[in-house]
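Beneath this line is the structure, given in structure tokens, with notes to follow.
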Amino acid sequence: IAKEVAKLLEMKAQLGEDEGKHKFVLKTPKGTRDYGPKQMAIRERAFSAIISSFKRHGAEVIDTPVFELKETLTGKYGEDSKLIYDLKDQGGELLSLRYDLTVPFARYLAMNKITNIKRYHIAKVYRRDNPAMTRGRYREFYQCDFDIAGQFDPMIPDAECLKIVHEILSDLQLGDFVIKVNDRRILDGMFAVCGVPDSKFRTICSSVDKLDKVPWEEVRSEMVGEKGLSPEAADRIGEYVQLHGGLDLIERLLQDPQLSQNKLAKEGLEDMKLLFEYLTLFGITGKISFDLSLARGLDYYTGVIFEAVLLQQENEHVEEPVSVGSVAGGGRYDGLVGMFDPKGRKVPCVGVSIGIERIFSILEQRLEASEEKIRTTETQVLVASAQKKLLEERLKLISELWDAGIKAEMLYKKNPKLLNQLQYCEDTGIPLVAIVGEQELKDGVVKLRIVATREEVNVRRESLVEEIRIRTNQC
């Protein structure tokens with residue numbers, strides 16, 4: 001009996017395998033999503049605002065491979081290195097998917113011996129993170145980076161990066177925001193005067209970086225309990241990291257008996273003062289806060305660091321405000337290119353990364369709440385016919401329009417009903433209809449219908465392109 005049972009179980013297992021072959025799970029991998037036409041229309045709007053700001057500031061565009069040699073990425077991200085996606089070796093090279101666009105940029109500069117460039121780069125990056133899709137946290141997502149590389153007078157490029165963040169967030173109309181600013185040198189100087197051993201700087205830094213998400217008590221107990229910092233040093237840090245303000249705070253810290261004695265902190269504070277003077281000239285200090293708790297986890301920052309945070313959304317349509325936190329961040333990283341250069345030649349860099357996914361989450365939720373109809377095409381005119389047997393005339397006319405650069409569509413039917421053609425325009429938001437009928441063909445005109453007002457005008461065939469251009473600019 002046991003033998004027979006074993007046989008039957010084996011047969012069942014084989015059958016199970018066969019069944020499994022037909023079952024196909026239709027889903028996107030964890031931490032990724034598809035974007036339909038509606039979402040892409042919203043994304044394109046956001047991208048175009050960001051790109052036009054980058055171009056306004058004179059940036060060139062580059063692209064780099066989606067994967068890099070593993071050693072290029074290793075050791076550049078501190079505690080976050082565990083989130084790097086490694087690829088299986090399939091040809092003698094150990095590879096990893098890029099984690100951000102900054103390290104590939106530094107590799108590109110060193111490899112091509114470039115010492116001076118202002119560039120932007122918009123591309124996908126990959127992190128083996130625990131995704132929080134509703135808040136715009138994914139494993140595959142876009143970054144939009146702007147960087148200035150080169151030896152320049154202090155704080156001028158840094159101030160421009162902050163101006164760009166201010167420009168983009170204002171342009172996208174995401175609501176109220178604040179850009180927090182700090183300096184790695186001020187942080188390191190502060191740790192030194194508070195009694196943090198050199199070897200613990202980076203790990204204490206990543207604890208401080210959590211202050212925007214958890215209260216000071218929790219951060220303190222992590223520093224003391226998990227990271228072995230003395231309670232006295234933690235309390236001293238606590239006094240500093242809860243400070244934030246503007247020029248007045250910088251002046252006060254420059255007089256601070258301990259900080260002002262520390263060379264690094266003093267340098268950082270003097271540069272911070274200069275930065276605020278430039279930001280005042282740009283007229284944006286109302287949205288800037290010098291915040292001593294800002295640490296930004298990445299290991300490669302050497303000077304100014306900043307992060308833009310959206311303040312609570314006041315939105316009467318949504319009961320619960322969308323809290324998405326940071327929507328842009330960046331800073332100065334003067335040592336990164338030197339890590340790749342065989343001779344260790346340094347190229348000072350400062351840059352900013354716009355958190356497009358989080359921004360996109362907000363725009364998407366806002367549009368859903370407002371029930372605004374989103375156009376997913378840019379079609380200016382539908383070529384329609386009023387009677388049967390006019391397919392050839394429609395094809396001739398639409399070809400003329402396409403050749404003139406007009407965005408035009410027609411229905412793929414020999415003899416569509418006029419009503420159906422007009423309904424298609426209503427559904428897709430096409431503003432104009434160019435109607436050909438027997439009488440119009442005899443008269444050498446086209447009937448142009450404005451969908452919104454239902455007004456119709458006869459336009460001479462040779463003036464049609466110009467008329468469509470004028471009217472779509474008004475729509």
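The values are calculated or read from the model by the stated rules, or taken from the named source; none is laboratory data. Not measured: the values here are computed from a predicted model. Cβ: placed from backbone, ideal geometry, glycine included. Neighbour counts: every protein chain shown. For the accessible areas, the whole protein counts, side chains as well, though only heavy atoms, and no ligand, DNA or RNA atoms are used. Shrake-Rupley method; radii C 1.70, N 1.55, O 1.52, S 1.80 Å.
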Can you confirm whether segment 422-431 contains a residue that is in the same structural domain as Ser463 (by the TED database), under 44 Å from the mean Cα position of the chain (by Cα), small (Gly, Ala, Ser) and surrounded by 15 or more Cβ atoms within 10 Å (Cβ to Cβ)? yes
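Only one residue in Ser289, Ser293 is in contact (Cβ under 8 Å) with a residue 60 or more places away in the chain and under 30 Å from Leu73 (Cα atoms), so which one is that?
Unique residue meeting the criteria: Ser293.
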Pull out all pairs, ordered by first then second residue, where Cβ-Cβ is under 7 Å, the residues are six or more apart or on different chains, the first lies in segment 188-208 and is within 13 Å of Ser293 (Cβ to Cβ), and the second is open to solvent by 40 Å² or more (accessible area, probe 1.4 Å). Ser206/Glu79
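Could we say that Phe146 is modelled with pLDDT of 95 or more, in the same structural domain as Phe276 (by the TED database) and of a type in the set (A, V, I, L, M, F, W, C) here?
Against the criterion (modelled with pLDDT of 95 or more, in the same structural domain as Phe276 (by the TED database) and of a type in the set (A, V, I, L, M, F, W, C)), Phe146 qualifies.
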Among the residues of segment 265-272, are any at pLDDT 85 or above, assigned to a strand (DSSP E or B) and of a type in the set (Lys, Arg)? no
Residues of segment 138-163 being crowded, with 22+ Cβ neighbours inside 10 Å, hydrophobic (A, V, I, L, M, F, W, C) and in a strand (DSSP E or B), in sequence order, are Cys144, Phe146, Ile148, Ala149
Based on what the data block shows, is Ser199 modelled with pLDDT of 85 or more and surrounded by fewer than 16 Cβ atoms within 10 Å (Cβ to Cβ)? no
Quick check on my filter: what residues within segment 341-388 are touching a helix residue (DSSP H, G or I) at 6+ places or on another chain (Cβ under 8 Å) and of a type in the set (Ser, Thr, Tyr)? Ser353, Ser361, Thr376, Thr377, Thr379, Ser385
Which numbered condition Asp153 fails, given (1) within 16 Å of Val304 (Cα to Cα); (2) without any contact (Cβ under 8 Å) to a residue 24 or more places away in the chain; (3) within 22 Å of the chain's Cα centre (by Cα): (3)
Given the conditions (1) assigned to a helix (DSSP H, G or I); (2) over 21 Å from Val350 (Cβ atoms), and given that Gly228 satisfies all but one, which numbered condition is not satisfied? (1)
Mind checking which residues of segment 420-447 are aliphatic (A, V, I, L, M), without any contact (Cβ under 8 Å) to a residue 40 or more places away in the chain and touching a helix residue (DSSP H, G or I) at 6+ places or on another chain (Cβ under 9 Å)? Val445
So which pairs qualify, if the first residue must be in segment 224-247 and in contact (Cβ under 8 Å) with a residue 40 or more places away in the chain and open to solvent by 70 Å² or more (accessible area, probe 1.4 Å), the second must be aromatic (Phe, Trp, Tyr) and not in a helix (DSSP H, G or I), the Cβ gap must be under 7 Å, and the two must be at least 6 apart or on different chains? His244/Phe290
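Can we say Glu277 is over 18 Å from Trp216 (Cα atoms), free of Cβ contacts under 8 Å to residues at least 40 places away in the same chain, more than 29 Å from the chain's Cα centre (by Cα) and part of a helix (DSSP H, G or I)?
No; evaluated as a whole, the condition is false for this residue.
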Some residue of segment 77-84 being within 30 Å of Gly58 (Cβ to Cβ) and open to solvent by 10 Å² or more (accessible area, probe 1.4 Å): no
